[in-house]
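Here's the structure, in structure tokens; my notes come after.
The values are calculated or read from the model by the stated rules, or taken from the named source; none is laboratory data. This is a predicted model, so every value here is computed, not measured. In this analysis, Cβ positions are derived from the backbone assuming ideal geometry, glycine residues included, and neighbour counts consider all displayed protein chains.
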Amino acid sequence: MTVRLREAMGTLPSYVPGRTVPGAIKLASNETPLPPLPHVLERIAQAATGVNRYPDSFSLELTEALAHRYGVEPARVVVGCGSVSLCHQLASATAQPGDEVLYGWRAFETYPIVTAIAGADPVAVPLRDHVHDLAAMAGHVTEKTRLTFVCNPNNPTGTVVHRDELARFLDAVPDDVVVVLDEAYHEFVTDAGVPDGLTLLDEHPNVIVLRTFSKAYGLAGLRVGYGIAGNPELPAALRQTQTPFAVTTIAQQAALASLEPEAESQLIARVKDIVIERDRVQAELIAAGYDVPPTQANFVWVPLGEDTVEWAAGCEQRKVIVRPFAGFGARVTIGTPEENDRFLAAARALGPSR
């Protein structure tokens, strides 16, 4: 006998995490190469003494701190088990069978997964020159559209959409359609033309901005992210759909410590170093003959088409693990200068064409 599962399980896409291979450099998961800041580690150790108690299910102290930081009402803030969990909750709260979820493709691979779990129909609009084609996406909005994702900078391409084109897109989307601005890599943006999604919320109350402590803050292993919405309705719905006690006390305290003033200057310095390395890696790949689009994240995108899997295997043979997307390209996280040099040596040895 076999158990009865939903028919959707037969075609549900799986999330593929970056692989860890003993003895190899892992540049596959967009993690920062540095540990949390020292005072954050101290707070983690302190919080660990209380793990016999359940955490605050709604992360109220962290919610208040984020609201204060960004000058919004706490009711417009929601904390989740990483921003990816908030993506799942958004799909659950907004879409059901017969509805549509709209996103660019290729983008963050969780979007089709959360769509399928909700039972909604995916509408994936191809990127144009590795960038979200927002005009085409706007043309795919129908009466069935309930949710749309715009990943900016985009994962896995690192490309961005600018203020004017994003504003036109938001103006074209009906007010009752939820627009998610997924800004997981916001801290690495140096292009002044890329808008801070939070500045768009007052004019577009159907928008929610997602961010995370996983990337720039170095807390990927603790799973804590947050959303800030144009009005309190969306955070309230997300609190309804969250798993109780999903964000641990340790994660909440680490995030709170990361927001304190003493962390700010150190964080800025770390991000600046990663950006310098990002620009160096991109420039050296281009010099080696690779067609690498501009990136505003902590990774670079190497579009290799059908050669992607073989190229990634060649990197692995040279003890460098990258993240291949078969038929599209490989995403390579920026690591330490030494790790980046190892990757660049592998990329030069392999060459841009197989």
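Residue-wise test of (1) over 30 Å from R342 (Cα atoms); (2) outside the structural domain of A75 (by TED's automatic domain parsing); (3) buried (at least 18 other Cβ atoms within 10 Å of the Cβ); (4) among the aliphatic types (A, V, I, L, M).
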residue	(1), (2), (3), (4)
L234	yes, no, yes, yes
R280	no, yes, no, no
G289	no, yes, no, no
V302	no, yes, yes, yes
Look through F245, F343 and report the one residue that is modelled with pLDDT of 95 or more, surrounded by 13 or more Cβ atoms within 10 Å (Cβ to Cβ) and at positive phi.
-> F245
Could you tell me which residue of the range 310-354 is farthest from P22 (Cα to Cα), considering only residues that are part of a loop (DSSP other than H, G, I, E, B) and basic (K, R)?
-> R354
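Only one of S85, S59, S29 is crowded, with 21+ Cβ neighbours inside 10 Å and out of contact with any helix residue (DSSP H, G or I) (no Cβ under 6 Å at 6 or more places or on another chain); which?
S85
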Hey, among the residues in the range 181-230 that are of a type in the set (K, R) and in contact with a strand residue (DSSP E or B) (Cβ under 9 Å, 6 or more places away or on another chain), which one's farthest from S57 (Cα to Cα)?
-> R211
State yes or no: is K272 modelled with pLDDT of 95 or more, basic (K, R) and either buried (at least 19 other Cβ atoms within 10 Å of the Cβ) or touching a Gly at 6+ places or on another chain (Cβ under 7 Å) (or both)?
-> no
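Name the strands (runs of 3 or more DSSP E) wholly within the range 65-161 that hold at least 3 residues that are farther than 26 Å from V189 by Cβ?
Once the strands (runs of 3 or more DSSP E) in the range 65-161 are filtered for at least 3 residues that are farther than 26 Å from V189 by Cβ, what remains is 121-126.
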Among (1) surrounded by fewer than 19 Cβ atoms within 10 Å (Cβ to Cβ); (2) outside the structural domain of A246 (by TED's automatic domain parsing), R43 falls short only on (1)
Among T94, T142, T115, which is the only one that is in contact (Cβ under 8 Å) with a residue 24 or more places away in the chain and either surrounded by fewer than 16 Cβ atoms within 10 Å (Cβ to Cβ) or in the same structural domain as A330 (by TED's automatic domain parsing) (or both)?
-> T142
Name the pairs whose Cβ atoms lie under 6 Å apart, with the first residue in the range 210-230 and over 24 Å from S265 (Cβ atoms), the second surrounded by 24 or more Cβ atoms within 10 Å (Cβ to Cβ) and among the acidic types (D, E), and 6 or more positions between them or separate chains?
-> L210/D182
Screening Q253, Q242 for residues that are more than 20 Å from the chain's Cα centre (by Cα), touching a residue at least 24 places away in the same chain (Cβ under 8 Å) and either assigned by TED's automatic domain parsing to the domain that holds S57 or closer than 20 Å to E42 by Cβ (or both) leaves only Q253
Conditions (1) closer than 27 Å to A28 by Cα; (2) surrounded by fewer than 21 Cβ atoms within 10 Å (Cβ to Cβ); (3) not hydroxyl-bearing (S, T, Y): number failed by D164 | (1)
Return yes or no: is T157 in contact (Cβ under 8 Å) with a residue 24 or more places away in the chain, buried (at least 24 other Cβ atoms within 10 Å of the Cβ) and either in the same structural domain as G230 (by TED's automatic domain parsing) or not basic (K, R) (or both)?
-> yes
Out of the range 308-327, which residues are out of contact with any Gly (no Cβ under 7 Å at 6 or more places or on another chain), under 17 Å from T157 (Cβ atoms) and either without any contact (Cβ under 8 Å) to a residue 24 or more places away in the chain or surrounded by fewer than 21 Cβ atoms within 10 Å (Cβ to Cβ) (or both)?
-> A312, P324, F325, A326
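When the range 1-54 is examined, which residues are found to be over 30 Å from A312 (Cα atoms) and of a type in the set (A, V, I, L, M, F, W, C)?
M1, V3, L5, A8, L37, V40, L41, I44, A45, A47, A48, V51
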